Amino acid sequence: MNAPNKSGWKPEMSPAEDGLHNGPATTTGNRALMLEEPLIFEIGHAETTGVDLPEIDPDAPNRLGGFERSKPIGLVGLTEPETVRHYTRLSRQNYGIDLGFFPLGSCTMKHNPRLNEKVARLPGFADIHPLAPQQTVQGALQVIHELGDWLMKLTGMPGVAMSPKAGAHGELCGILAIRAAHTARGDAREVVLVPESAHGTNPATAAFAGYKVEDIPATPEGRVDLEAIKARLAPDVAAVMITNPNTCGLFEKDFREIADAVHAVGGYVYCDGANFNAIVGRVRPGDLGVDAMHINLHKTFSTPHGGGGPGSGPVVFSEALKDFAPLPIVRKLQDGDGYELVEEEQREHRGQSFGRMTAFHGQMGMFTRALTYMLSHGADGLKQVSEDAVLNANYVLRSLEDILHAPFADSGPCMHEALFGDKDFEGGLSTLDLAKALIDEGYHPMTVYFPLVVHGAMLVEPTETESKAALDEFITAFRSVTERALAGDESMKQAPYYAPRRRLDETAAARKPKLAWEEPEG
């Protein structure tokens with residue numbers, strides 16, 4: 001008899017026979033402590049409220065300036081217990097980094113240190129307003145300035161823009177600076193080259209900025225084809241956008257030669273810095289010939305995804321592009337006593353900025369968390385971050401390459417993430433089926449079907465924050481569901497069985513989304 005795995009499934013036992021689904025139906029729809037939860041509109045009533053409000057004097061002057069409601073707003077009223085229980089129950093149906101390992105490749109879902117959260121909530125950071133007078137927010141300006149200084153030193157780049165709100169926003173910032181530089185010298189160029197191994201947002205960003213996008217193939221080893229880039233370089237090429245390390249989890253070893261070739265024809269090199277976590281403290285992109293690179297603070301410097309508001313995607317610039325960075329910039333006063341936001345008319349000898357990326361300068365919650373993380377680790381600690389992230393990824397790769405198709409395992413060590421494919425799955429099973437079965441093992445699935453260069457791709461990024469014990473548990477679960485897929489276990493096509501919801505029709509959800517609640521008729 002084969003021993004059950006973590007979820008209790010045994011090779012000779014179908015999930016329908018495990019005793020969990022053959023009991024009597026409950027009258028509530030609840031299953032033990034897994035509670036069903038109606039929509040908030042189905043719990044409360046618009047005619048009630050959970051708080052006592054003072055009576056309105058009908059003779060009081062109207063202070064709404066013509067903006068009073070013309071009809072009831074329709075928001076439901078709930079008591080405090082109803083409100084707390086509703087959101088607590090919903091939270092128990094979700095998965096997060098505080099519950100367990102989040103193996104999403106490319107996303108870099110690492111632990112968010114609680115010290116960072118404590119600092120971000122300090123008065124003076126958490127409660128400031130973007131329109132506050134500059135002399136009243138000197139601490140905030142100092143944080144922005146010091147964080148930018150750290151980013152320039154870690155990347156070896158002399159310029160930085162702190163205002164972009166996310167990775168794709170940072171990409172656009174870099175490409176707009178490249179366009180501004182070409183325009184300043186009267187050199188209109190139309191083409192941006194994007195390798196197959198780049199992030200998917202890169203071609204979208206270039207197209208949004210008005211460029212024609214041309215694809216550069218990858219080599220069989222999963223890296224950029226150097227000769228293909230050299231063959232395409234011409235005076236119409238404005239830039240090359242390269243992700244390094246790339247989305248196959250590999251370092252682009254020809255990067256310096258690619259950069260030199262692009263510069264030789266008057267183009268610029270944009271590096272997608274989403275995977276900077278794999279090289280921080282070990283490699284300075286500026287030394288590789290990078291002209292612009294965005295940095296996702298949540299991926300490398302542990303700020304949460306979103307962070308309670310906009311994200312943050314600072315962009316570092318080379319000497320050739322720094323004068324075209326967006327406005328405003330934070331500058332230390334000449335007397336050394338304080339900081340200021342500098343607009344265009346104050347920027348002496350700063351070149352021709354393309355303007356603003358956003359109305360306000362940045363996201364203080366992300367800045368304070370990232371700087372706290374940097375100061376906590378120091379330069380040596382950040383170097384260990386990248387080393388441990390790469391070590392963990394290679395441990396996952398080598399622990400599973402004997403059972404899963406690992407298309408680039410022979411290309412040498414991977415960097416921050418391990419890439420697998422669904423080759424040899426039996427019975428019509430696919431990567432999606434394996435991912436759904438992994439939910440029953442208590443794990444959020446890895447990134448699936450990305451990058452597109454691998455059939456049935458499964459991209460696993462353990463980050464540096466997971467212990468060997470945590471990785472061993474995940475590897476055991478991953479091997480278990482892989483064995484089932486290789487054996488053609490038909491029950492996987494109905495997984496997950498133990499999640500709050502069974503398998504959804506994802507195609508219909510994407511094509512016919514229902515984004516608003518409508519009160520039932522009658």
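A compact table of results
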item	result
Relative packing of peptides 507-514, 85-92 - highest average C-beta neighbours within 10 Å first	85-92, 507-514
Cross-link reach list, lysines versus LYS332, counting only Cα pairs under 24 Å and skipping chain neighbours closer than eight places	LYS153, LYS165, LYS322
Counted charge near VAL265, where neighbours are those whose Cβ lies closer than 12 Å (Asp, Glu -1; Lys, Arg +1)	0
Contour excess over end-to-end distance, with Cα ends at ALA469 and SER70 and 0.36 nm allotted per residue	137.7 nm
Carbon/sulfur fraction of accessible area - region 56-131, other protein chains in place, 1.4 Å, %	58 percent
Relative contact order for the chain, counting Cα pairs under 8 Å that sit 6 or more residues apart, in percent	17 percent
Prolate/oblate/rounded label for region 425-522 (Cα gyration tensor, a/c 1.5)	prolate
Nearby aspartates and glutamates by direct alpha-carbon distance to LYS230 (threshold 14 angstrom, same-chain neighbours under 8 apart not counted)	GLU214, ASP215, ASP254, GLU257, ASP260
Accessible surface of region 280-345 [probe 1.4 Å, protein heavy atoms]: carbon and sulfur percent	45 percent
Alpha carbon centroid spacing (whole Å) that separates region 228-261 from region 109-129	37 Å
Additional length obtainable on full extension of the chain from ASN62 to LEU39, 0.36 nm per residue less Cα span	4.8 nm
Accessible area per residue in Å² at 1.4 Å probe, computed on the chain	50 Å²
Rounded Å value of the spacing that divides the Cα centres of region 427-489 and region 143-170	35 Å
Fully extended contour minus Cα-Cα distance, from ALA359 to HIS129, at 0.36 nm per residue	81.5 nm
Order by protection proxy (mean Cβ within 10 Å, highest first), peptides 457-470, 475-488	457-470, 475-488
Rounded percent of accessible protein surface that carbon and sulfur make up, region 409-522, 1.4 Å probe	52 percent
Alpha-carbon radius of gyration plus Dmax, which is the widest Cα pair, for the chain in Å	26.3, 81
Kyte-Doolittle at least -0.5, axis length at least 30 Å by Cα - qualifying DSSP helices, the chain	364-400
With DNA, RNA and ligands ignored, accessible area of LYS153 (1.4 Å probe; Å², nearest 10)	140 Å²
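The values are calculated or read from the model by the stated rules, or taken from the named source; none is laboratory data. Computed from a predicted model, the values in this text were never measured in an experiment. Quick reminder, even Gly has a Cβ in these numbers, built from the backbone with ideal geometry, and neighbours come from all protein chains shown. Note: accessible area is taken over every heavy atom of the protein model, side chains too, but ligands, DNA and RNA are not part of it. Shrake-Rupley method; radii C 1.70, N 1.55, O 1.52, S 1.80 Å.
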